[in-house]
Amino acid sequence: MINCESTLKLLCKIFIIPTLLIANTLVFQQGDTLKFFNDNKVVDKWTTIGGDTNFQYNDAYYTRKFKVSADSSHFFIYEERRHKSTDSVFTKISLYNAEQEKLWEISADPGTKISYHLSNIYTNTIILVTTDNDYNNPTLEIITNKEKTLLIKKDRWHRIINYAISPNMHYFVLHAKNPYKKKTWDYIHSIDLKTHKSWTYLFPICVSCKRFRIISLEVKNDGTVEVVYKYQHRVFDKTGKLIDIYFKFE
């Protein structure tokens, strides 16, 4: 059971208060390189290219990637080690601050792997998505100061495609897929992080069956969700009621 009130307070503390602070050291990502700045000067660089950061040795292939928070105060390192002969994968994420201090790390359980594409960083909070080795059966957790809040349980969705979070960190919306009547259909699922109330909308078009498969999401501070597919805009209120449909040709 998620303690939604404490989760919301924690998120607000994390995402709003740090914007008032001025950090001495900042980290920026440029391609495969992290650059650390202090007083507008580059003081160090980390890279994922060459050396011990990306190599193949006998049966094992090792790689690592970075992601940096929007305020440049934190970053995480994603590490993956794959063994071809056993078709096994080991994945790990380590969180650092801009001063290069390692705050914590977490590894995926056997038979699962961390999704680098779907996992994201917001200041010192990680949205962690793990899947099975076929990228299915995802779980989604919010991790702050080593404390985990499970938002999406295993076997709830066949696959998560993308998601969005409101600027005030109150509402969360995702685009997911589940089988329905012998086809894989698209769903929009929104969660109120304060009350834990949620709603789900079955997308009326089988996007997977179409050539144009991109659905974009936006959720506002009042819980209003806008779902865009091609030129079709669907707007929902925080309870999941469809309040507007309009077409915008660009």
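Per-residue answers, yes or no, for (1) in contact with a Lys or Arg (Cβ under 8 Å, 6 or more places away or on another chain); (2) closer than 29 Å to residue 44 by Cβ; (3) touching a residue at least 12 places away in the same chain (Cβ under 8 Å):
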position: 89; (1), (2), (3): yes, no, yes
position: 94; (1), (2), (3): yes, yes, yes
position: 109; (1), (2), (3): no, no, yes
position: 155; (1), (2), (3): no, no, yes
Scanning the stretch 154-167 for residues that are polar (S, T, N, Q) and within 10 Å of residue 219 (Cβ to Cβ) gives 166
Just a yes or no: is a residue in the stretch 117-127 β-branched (Val, Ile, Thr), outside any strand (DSSP E or B), touching a residue at least 40 places away in the same chain (Cβ under 8 Å) and within 29 Å of residue 36 (Cα to Cα)?
-> yes
Within the stretch 124-157, of all residues that are in contact with an Asp or Glu (Cβ under 6 Å, 6 or more places away or on another chain) and among the aliphatic types (A, V, I, L, M), the one farthest from residue 75 (Cα to Cα) is 150
Taking the stretch 159-173 and keeping residues over 14 Å from residue 118 (Cβ atoms) and not aliphatic (A, V, I, L, M) leaves 166, 167, 168, 170, 171
| request: Determine whether the stretch 236-244 contains at least one residue that is assigned by TED's automatic domain parsing to the domain that holds residue 172, at positive phi, in contact with a strand residue (DSSP E or B) (Cβ under 8 Å, 6 or more places away or on another chain) and not hydrophobic (A, V, I, L, M, F, W, C). | output: yes
Please verify whether residue 166 is modelled with pLDDT of 90 or more, within 29 Å of residue 75 (Cβ to Cβ) and small (Gly, Ala, Ser), treating the condition exactly as stated.
yes
Residues of the stretch 136-185 being over 21 Å from residue 124 (Cβ atoms) and among the charged types (D, E, K, R), in sequence order, are 153, 154, 155, 156, 159, 177, 181, 182, 183
Residues in the stretch 138-163 that are modelled with pLDDT under 90 and touching a Pro at 6+ places or on another chain (Cβ under 7 Å) total 0
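The values are calculated or read from the model by the stated rules, or taken from the named source; none is laboratory data. Quantities reported herein were computed from a predicted structural model and do not represent experimental measurements. All Cβ positions, even for glycine, are placed from backbone atoms using ideal geometry, and neighbour counts span all protein chains on display.
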